[in-house]
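**Student:** Can you read through this structure? Questions will come right after.
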Amino acid sequence: MRNEDYIVEIQKMHFLRGERKIFDDVNIRIARGKITAVMGPSGTGKTTLLRLISGLLKASQGSVLVNGHNVGKMNRSHLMRMRREMGMLFQSGALFTSINVFDNIAFPLREHTKLSEELIRYIVLMKLQAVGLRNAHQLMPRELSGGMARRVALARAMALDPEIIMYDEPFTGQDPIAMAILVKLIRSLNDALGITSVIVSHDLHETLSIADYIYVIAGGKVIGEGTPEQLQNTESPAVRQFIQGLPDGPVPFHYPGKPYTDDLLAEKH
Amino acid sequence: MLKVIQHLGHRALHFFLTIGRATLILLSSIIGRPRLKLGFKLLVEQLYAVGVLSLPIIICSGVFVGMVLGLQGYTTLVRFGAEQAIGQLIALSLVRELGPVIGALLFAGRAGSALTAEIGLMKATEQLDGLQLMGIDPLRRIIAPRFWAGFYSLPLLSLIFSAVAVYGGYMVAVEWLNVDDGAFWSNMQSSVDFHEDILNGVIKSIVFGFLVTWIAVYQGYASVPTSEGIGYATTRTVVYSSLVILGADFVLTAVMFGGLG
């Protein structure tokens with residue numbers, strides 16, 4: 001049942017997409033109130049992991065427990081209830097393009113609560129103040145820069161005061177200032193509100209600076225885990241290649257196939 | 001040979017799978033406890049986007065189609081001295097066939113493609129997933145109002161198309177080619193039957209509205225969420241809708257006017 005230390009427990013989880021194995025016997029635990037990062041090269045299914053936690057996808061084998069409940073076995077209404085306790089920051093922001101910033105943040109409140117419009121206004125402005133965009137509440141999503149859109153999306157993810165917020169590649173494609181703002185926001189929101197944060201990212205520097213605990217996944221398996229210090233001093237060559245950003249190593253530089261000499265010799269005939 | 005059969009079988013399976021999926025999506029979006037106040041607001045928004053914004057193209061095309069009918073009909077009928085029957089010809093061909101069919105084809109091109117592109121874009125920008133993660137069912141919230149809006153709009157648009165086209169025909173036949181005004185209207189009145197002609201035409205456009213909107217929302221919802229995928233989905237909406245409209249029109253006409261019913 002409910003585990004006081006860990007909010008999300010992924011046990012012996014397998015996930016297949018068609019014939020392709022995305023996850024192969026993965027075990028991950030996410031501690032309450034901490035920032036946990038999941039890192040790995042592009043295309044290793046990091047985003048898929050967040051979708052599995054939120055029940056947008058179902059594991060092929062094994063279990064994904066959130067607050068002790070198996071996400072894969074929940075019925076529709078239970079799933080919908082659970083998701084209200086979750087906020088997710090999508091890579092694209094996923095703001096509703098047809099309504100303005102204020103309405104975007106008010107959306108989940110209007111949908112799931114019976115609060116008066118006056119109270120909703122206070123809450124929305126409060127959330128926007130927290131991300132520094134109170135004065136942008138009238139703008140439409142198309143008028144926002146990439147960094148601003150992500151902050152608005154963050155304010156929306158927090159609207160219902162979730163227990164857990166998941167960030168899908170929050171730093172990708174951001175300028176240094178926007179990046180610094182996001183790092184600061186993620187940390188301060190996590191600590192001030194006592195929520196649990198899960199970050200999926202391949203931006204090394206920022207993630208190492210912010211996470212309390214990191215999982216590194218590659219080839220469908222967890223190849224390393226630990227605090228940022230532990231990972232930086234790891235012996236494992238695969239983890240070191242990733243953490244130090246080396247072009248060649250256990251993840252080869254060359255796309256696998258026949259040796260170069262074969263091609264060169266074939267040219268002669 | 002074996003390969004051809006294999007391929008055919010594969011395509012057939014794929015076809016039925018798609019139909020099944022589309023039916024499931026449609027049913028799960030429209031069946032369920034309605035939220036009257038919110039549902040009405042969403043429906044009105046979509047009626048505007050799907051119906052009102054299609055009006056200009058429907059009206060313009062209606063005028064031209066009516067004018068062409070007037071002109072073509074006149075040049076043929078005048079040879080037999082029967083140009084008085086032009087009102088009848090215009091009205092019958094419009095309410096029975098051209099109104100529902102051309103209206104639906106235009107609707108597929110204007111509103112159907114827009115629906116597919118909009119839903120596809122919402123999918124590509126993760127807005128549909130975002131809704132789901134907020135505990136809101138995108139089928140009920142996004143698909144259902146769009147489906148109903150299309151379903152309600154097309155019959156009305158087709159009627160407007162026919163009415164405007166009759167007026168277009170009137171302009172050419174009476175104002176320009178000097179067919180007698182009274183004969184134009186009275187011939188039309190005596191030959192067009194409300195049940196037989198107008199109601200059957202409306203039934204046709206209800207069926208077309210259902211099919212076109214269903215195809216459009218399904219293609220959007222099932223599209224591959226990339227710019228390329230949305231492009232393909234939009235094309236498919238227009239192509240499939242056009243084929244389905246013409247095919248269904250034949251079947252309906254056979255049942256309604258072909259003595260099969």
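**Student:** For B:T213, indicate whether it is out of contact with any His (no Cβ under 9 Å at 6 or more places or on another chain), in contact (Cβ under 8 Å) with a residue 24 or more places away in the chain and closer than 24 Å to B:G247 by Cβ.
**Tutor:** So B:T213 passes the test.
**Student:** Among the numbered criteria (1) more than 14 Å from every other protein chain (Cβ to nearest Cβ); (2) in contact with a helix residue (DSSP H, G or I) (Cβ under 7 Å, 6 or more places away or on another chain), which single criterion is violated by A:D25?
**Tutor:** So the condition that A:D25 fails would be (2).
**Student:** Does A:I123 qualify as being within 20 Å of A:A211 (Cα to Cα) and in contact (Cβ under 8 Å) with a residue 24 or more places away in the chain?
**Tutor:** no
**Student:** If you don't mind, there's one more thing I want to ask. Residues that are hydroxyl-bearing (S, T, Y): which helices (runs of 4 or more DSSP H) entirely in segment A:167-269 hold 2 or more of them?
**Tutor:** A:204-210, A:260-268
**Student:** To continue, here is another question. Can you tell me which residue among A:Q174, A:Q230, A:Q244 is modelled with pLDDT under 90, at negative phi and crowded, with 18+ Cβ neighbours inside 10 Å?
**Tutor:** A:Q174
**Student:** Return the residue satisfying two criteria in turn: it lies in segment B:177-208 and is of a type in the set (A, V, I, L, M, F, W, C) and in contact with a Phe, Trp or Tyr (Cβ under 9 Å, 6 or more places away or on another chain), and of such residues it is surrounded by the most Cβ atoms within 10 Å (Cβ to Cβ).
**Tutor:** So, considering only residues that are of a type in the set (A, V, I, L, M, F, W, C) and in contact with a Phe, Trp or Tyr (Cβ under 9 Å, 6 or more places away or on another chain), the one surrounded by the most Cβ atoms within 10 Å (Cβ to Cβ) is B:F208.
**Student:** Same structure again: Please enumerate the residues belonging to segment A:44-101 that are of a type in the set (S, T, Y), farther than 28 Å from A:F242 by Cβ and at the interface with chain B (Cβ under 8 Å from one of its Cβ atoms).
**Tutor:** A:T97
**Student:** List the helices (runs of 4 or more DSSP H) that sit entirely inside segment B:55-168 and contain at least 2 residues that are more than 14 Å from every other protein chain (Cβ to nearest Cβ) and surrounded by fewer than 22 Cβ atoms within 10 Å (Cβ to Cβ).
**Tutor:** Result: B:55-77, B:86-93, B:99-107.
**Student:** Are any of the residues in segment B:224-232 over 25 Å from the mean Cα position of the chain (by Cα) and under 30 Å from B:L77 (Cα atoms)?
**Tutor:** Taking every residue of segment B:224-232 in turn, none turns out to be over 25 Å from the mean Cα position of the chain (by Cα) and under 30 Å from B:L77 (Cα atoms).
The values are calculated or read from the model by the stated rules, or taken from the named source; none is laboratory data. Values in this document were obtained by computation on a predicted structure and should not be read as measured data. Positions of Cβ are generated from backbone atoms using ideal geometry, with glycine treated the same way; all protein chains shown enter the neighbour counts.
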